[in-house]
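Have a look at the structure below, then the notes.
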Amino acid sequence: MRSRNAAPVSASRRHAAGLYDAAQPCGAESNMAKLLAADASWEAANVCMRTHGGYGFATEYDIERKFREARLYQVAPISTNLILSYAAEHVLGLPRSYADPDQCVPIPVALPCHSSMIAPRYGTMRNPQF
């Protein structure tokens, strides 16, 4: 399983590094390499946790620490959702899936209601009036 996941990660990382060394744009390639590496790490951690069962959470085996570290690659330094948004916009040419802050329309804020407007119609729970 590990070798199946490691092959595309290694090839993608080398391709991105080659583009970077040649001073070529490599944003999409490096993002895809990070996404593949994060997914491979997460899958390996899940297999390890399933293999060890309940012992995977014992601190003596260091599996729980590796499991937490594998989860970290999914969210830091760049979330996998942001990588997918980047790929959708820059590689696939899809429109942004999030709003541009410069083009946002302000949302009107609701004014607070007077307390008498939200009072119960039939009394209170302590003094019900039917």
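One table, with the values for the structure above:
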item: Members of the stretch 59-85 that are modelled with pLDDT under 85 and under 14 Å from residue 30 (Cα atoms); result: 77, 78
item: Residue list for the stretch 40-58, filter: of a type in the set (S, T, N, Q) and closer than 24 Å to residue 28 by Cβ; result: 41
item: Cβ pairs under 8 Å, 6+ apart, first in the stretch 49-64 and touching a residue at least 12 places away in the same chain (Cβ under 8 Å), second surrounded by 12 or more Cβ atoms within 10 Å (Cβ to Cβ) and not β-branched (Val, Ile, Thr); result: 49/56; 49/67; 63/48; 63/49; 63/52; 63/55; 63/56; 63/57
item: Those residues of the stretch 5-47 which are at pLDDT below 85 and β-branched (Val, Ile, Thr), in sequence order; result: 9
item: So residue 32, is it buried (at least 17 other Cβ atoms within 10 Å of the Cβ), without any contact (Cβ under 8 Å) to a residue 24 or more places away in the chain and in a helix (DSSP H, G or I); result: no
item: Which listed residue is more than 25 Å from residue 90 (Cα to Cα) and either modelled with pLDDT of 85 or more or surrounded by 17 or more Cβ atoms within 10 Å (Cβ to Cβ) (or both), from 50, 2; result: 50
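The values are calculated or read from the model by the stated rules, or taken from the named source; none is laboratory data. Treat the numbers as computed from the prediction; the structure is a model and nothing was measured. Cβ sites come from the backbone with ideal geometry, for glycine too, and all protein chains shown count toward neighbours.
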